[in-house]
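The values are calculated or read from the model by the stated rules, or taken from the named source; none is laboratory data. Keep in mind that what you see is a predicted model, and the values were worked out from it rather than measured. Here the Cβ is made from the backbone with ideal geometry for all residues, glycine too, and neighbour counts use every protein chain on show.
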């Protein structure tokens with residue numbers, strides 16, 4: 001029995017499409033919460049000291065920060081045509097990073113998904129904040 005080139009090509013397309021279905025640029029949005037603050041500096045951490053450390057950590061990867069009120073920082077990142085905005089809520093024991101807004105990141109409010117780069121940026125942000133807090137003087 002002979003197989004036509006069109007049938008073979010159809011099988012390849014179906015296999016490739018099925019494989020791609022598992023590879024997506026979008027994933028569930030991550031809002032890490034209650035991340036512990038490991039304060040190594042002398043004395044008790046104050047909200048002001050934690051705020052300075054968080055802002056310094058944000059700056060490592062060009063997040064632009066603005067204190068909204070005591071215990072809250074608005075952080076915005078611009079990468080090429082993309083924009084990501086998050087709210088960092090904190091106290092002297094822990095902090096949380098919550099998605100606020102974005103552009104050009106395929107955010108889907110119904111599915112609560114976003115381009116996977118956003119979650120990577122947040123992981124990197126948390127790493128930078130943690131290292132800055134740990135090295136605070």
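So here's what we get for this one:
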item	result
Scan of the range 31-51 for residues that are at pLDDT below 90 and at positive phi, ordered by number	43
Condition check for residue 96: touching a strand residue (DSSP E or B) at 6+ places or on another chain (Cβ under 8 Å) and either more than 22 Å from residue 26 (Cβ to Cβ) or modelled with pLDDT under 95 (or both)	yes
